[in-house]
Each structure stands twice: as C-alpha cells, then as structure tokens.
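Just below is one structure, and these are the notes that go with it.
The values are calculated or read from the model by the stated rules, or taken from the named source; none is laboratory data. Remember, it's a predicted structure, so these values are computed and weren't measured experimentally. A quick note on method: Cβ atoms are made from the backbone with ideal geometry, for glycine too, and the neighbour counts reach across all protein chains shown.
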Amino acid sequence: MKKILLIVLCLGIVLIFWIYHSVSKAGSKGGETQQSVEFMEYMPIDKLFTAFAYVPIIRYERDYLKRDIYNRFYNHDEKKKVIIGYCYREYDVGIGYDHPTDSFDVLQKIACQNLYKELPEPVILSINPISSEVVGKYSRTDCDNLDLDDSGTRKSQQLILKQLKEDGQWNVIVENSQKALASFIRVYCP
Amino acid sequence: MKYINPILSIVLIACTAVLGSCNHVNPTKQGIEESIEQKVFSKIKSDAPYLAQLSAVYGLVFSNYHPNRIESDDFYIRKDKAGVFYGYSLNDAEIKVIKGKDQNILHVRLPMPKQISVDRRVMSVDITHEKYKPIDSKGQIINVDEWMNNELETLTKKYEEKSIEMTKAISRQYFESLSKRFGLKLNLEFTS
C-alpha cells in the first residue's frame, strides 16, 4: 500500500511540473514571435526639414552722387553709382527634402556606403515673408513684386537661394541636411 | 522497498528534466531582447556621426539712412551672417529595449536640444560717402557690432522654440524609423 501511495505521490509531482511547464510555454508565445523582427519595410516621409534660415533680402536703387555731373552726363561709370534707396524684406525659410523616400533604393545604395556627400542637396520647402521696408528712392511696387506669385514661382525664392549661396551658408546647410537624410536611410542598411 | 529507489530515481530525473526545460524559457526570451538591443545600439553607433544637429542660419542687416538736402542722402548698410547649431550629446541619452505586453518597446530618453555654437561674420558694407559714420536720432555714433549682437540675440530667442522643435522632430523621425526597422514600439521622451 505504501508503495502505491509513493508512486501516486511521485506521479503527482511529475504531473504538477508538466502542467507548470505547459503553462509557461504557452505564456512565452509573445517572446518567441519577436524572432521575426527584422523586416526591411521603410517608413515613408513626406517632408524632412533639416535646416531653418532667417534671410533678409535687400535690393538697392543706385545712382550717381548729385555733384557727380561728370559721370551722370559724360562718363557713365557704373562703379561710381551709390545707393539712393533700397527695398528690404525678411523671410523665414524652411529647408529640407520633399518626399525623400520616393527614390529610396537609389538613396540607400549611397547612404549605406557612407557616401553621404553624394546624396541630393536639400530644397527650399517653405518661405514666409515676415516684414518689408522701402527707404529712399525705391519703388514700393517693385519691392512687393519680389513676392508676387507668378504662375507658381516668385522671385524671392531665387533671391533667397542666391543669397544663401553667396554668403557661403548654403554649403553648411547642404552638408548638415545630407547627414540628416543619411541617418534616416542608413537605418535600413542591411 | 527494492522498487522504491529505481522509481524515485526515475521521478527525480523526470523532475530535473521538466524543471530544466522550464528554466530554459526565460534565458531564450531575454536573449532575443538583448540581441535586438545590441543590434539597435550597433545601428545607433554607426549612425551617430550623421545624427542630427539642426543648422539655423540668420542674415543680419544694419541699415542707417540720413537725408541730406544739398549732398546726396547718406546710406550705411552692413550685412552679417550667423550660423547657429542646435543638438545634444548622445552620451546623455538613455536608450534601451524593454519587454512589452504585445510588442517590445524601444525606450529613448533624450536630453532637450540646446544651442551648441554660434558663428557670426561680416559679409559686406555699402556706404554712400566714405567718411560717413552711422548716427542715431540724437546724433550719437552707433556701435554697429553691438547692434548686430543684440539683433542676433533677439532673433535666436525669437526662433529658439521653433529651432528646438525642429531638432526634436529630426530626432523623432530617426527613432521612429529605427523602431519600425526592428519591429519595436517607440517610447520617446525629452528630458528638460
């Protein structure tokens, strides 16, 4: 009788451990599914803002000094002209990439080889004129026309880009933006 | 009694095997999480040189105009440029993968981005009469560099919130891509 009781007790212990093991295994399902985590689907990005610029644009009206009759009537040396008025406009400018993931495969090849300087340059994504001023002999209409949206383009956009390039600020913006773009693309490098 | 010892031995071996297999579950799960964490760290480390600082550039124009009835009017116009960089050090960041209920979580705590450096340079000076010095309404000569510095300080204060938000957005987009890449749910916060 003792033997039978002992065998039943032992079988009971085995049964308890077997049930515990089964329950533990069922509970660990969530952990096991984590093995298939690496998928290469990328996250599309509409706009990636990488830089911000506050750009004043100043356009001059130039003429000869009142007393410089010689150049005004005879010599016409343009270098002798001085400022007689100006148009001054200030802009908030957002810079970055528009739908940068559209050509994902091409960009990935470049970014994954650490060739970030070969990535495309950013573009001006937004322009917000915040103030304007006309001083001296400069036409107010000409000044306002800088932001006239003529068939989707405005002169201010070209002037802002030209200004940033002339000041050498565009190079800094481009390098920083290419690095930022590379960081997103490199996430998906194999 | 002679059967008890063999039976007990079998029971003990069975129990050991069952317990062994039970204990084996947790290290495997931890191993997977640690492996993902290592991959995430390795990816961040390789991307670190590109991890974004925001470049904010400011153009500054000082203009001074003095009407003159006999002579031509006086103009003094000076243009400066300034570059301001915003960012943070990844050494101050807290990044870990923690187990979630349905999905593992990429937990990222980043320091609040701040101004890292300022660089201001004179670009050009246009003047009508060479000897003219810019004067204020009281006839006092204006310190143009002091004016430029004050103007830059005003501008950086005005756009500081926007610049910090843009820097945060760049980081957020990066870590969103990273978490999606590794099938993790992102929990990102910036500490003040």
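Taking each residue of the stretch A:102-126 that is among the acidic types (Asp, Glu) and looking for partners that are part of a loop (DSSP other than H, G, I, E, B) with beta-carbon atoms closer than 9 Å, six or more apart or interchain, yields A:Asp102/A:Pro44.
Filter the stretch B:64-76 down to residues that are within 7 Å of chain A (Cβ to nearest Cβ) and assigned to a strand (DSSP E or B) and give me whichever is farthest from B:Glu130 (Cα to Cα). Selected residue: B:Tyr65.
Residues that are within 30 Å of B:Ser72 (Cβ to Cβ), within 11 Å of chain A (Cβ to nearest Cβ) and either among the acidic types (Asp, Glu) or loosely packed, with under 15 Cβ neighbours inside 10 Å (or both) do occur in the stretch B:142-151. The condition of being within 12 Å of chain A (Cβ to nearest Cβ), modelled with pLDDT under 90 and out of contact with any His (no Cβ under 9 Å at 6 or more places or on another chain) holds for only one of B:Arg181, B:Arg120, that being B:Arg181.
State all residues of the stretch A:57-97 that are surrounded by 20 or more Cβ atoms within 10 Å (Cβ to Cβ) and under 19 Å from B:Tyr58 (Cβ atoms); if no residue qualifies, say none. Residues satisfying the conditions are A:Ile57, A:Ile58, A:Arg89, A:Tyr91, A:Val93, A:Ile95, A:Gly96.
Taken over the stretch A:138-167, the residue count meeting the criterion of being within 12 Å of chain B (Cβ to nearest Cβ) and modelled with pLDDT under 90 is 1. Of B:Ser124, B:Ser177, all but one fail to be small (Gly, Ala, Ser) and touching a strand residue (DSSP E or B) at 6+ places or on another chain (Cβ under 8 Å); the exception is B:Ser124. Only a single criterion out of (1) surrounded by fewer than 19 Cβ atoms within 10 Å (Cβ to Cβ); (2) within 14 Å of another protein chain (Cβ to nearest Cβ); (3) more than 18 Å from B:Gly83 (Cβ to Cβ) is not satisfied by A:Tyr188, namely (1). Any residue that is farther than 25 Å from A:Ile160 by Cα, surrounded by 15 or more Cβ atoms within 10 Å (Cβ to Cβ) and touching a helix residue (DSSP H, G or I) at 6+ places or on another chain (Cβ under 8 Å) - is there at least one of those in the stretch B:48-70? Looking for residues that are farther than 25 Å from A:Ile160 by Cα, surrounded by 15 or more Cβ atoms within 10 Å (Cβ to Cβ) and touching a helix residue (DSSP H, G or I) at 6+ places or on another chain (Cβ under 8 Å), one finds at least one in the stretch B:48-70, hence yes. Residues that are part of a helix (DSSP H, G or I) and at pLDDT below 75 occur in the stretch B:43-59; there is at least one. Considering only residues in the stretch B:44-63 that are of a type in the set (S, T, N, Q) and touching a strand residue (DSSP E or B) at 6+ places or on another chain (Cβ under 6 Å), the one that is nearest to the other protein chains (Cβ to nearest Cβ) turns out to be B:Ser55.
Picking from residues in the stretch B:72-97 that are more than 14 Å from B:Met112 (Cβ to Cβ) and touching a Pro at 6+ places or on another chain (Cβ under 6 Å), the one that is surrounded by the fewest Cβ atoms within 10 Å (Cβ to Cβ) is B:Asp73. The number of residues in the stretch B:87-102 being facing chain A (nearest Cβ under 9 Å) and touching a strand residue (DSSP E or B) at 6+ places or on another chain (Cβ under 7 Å) comes to 1.
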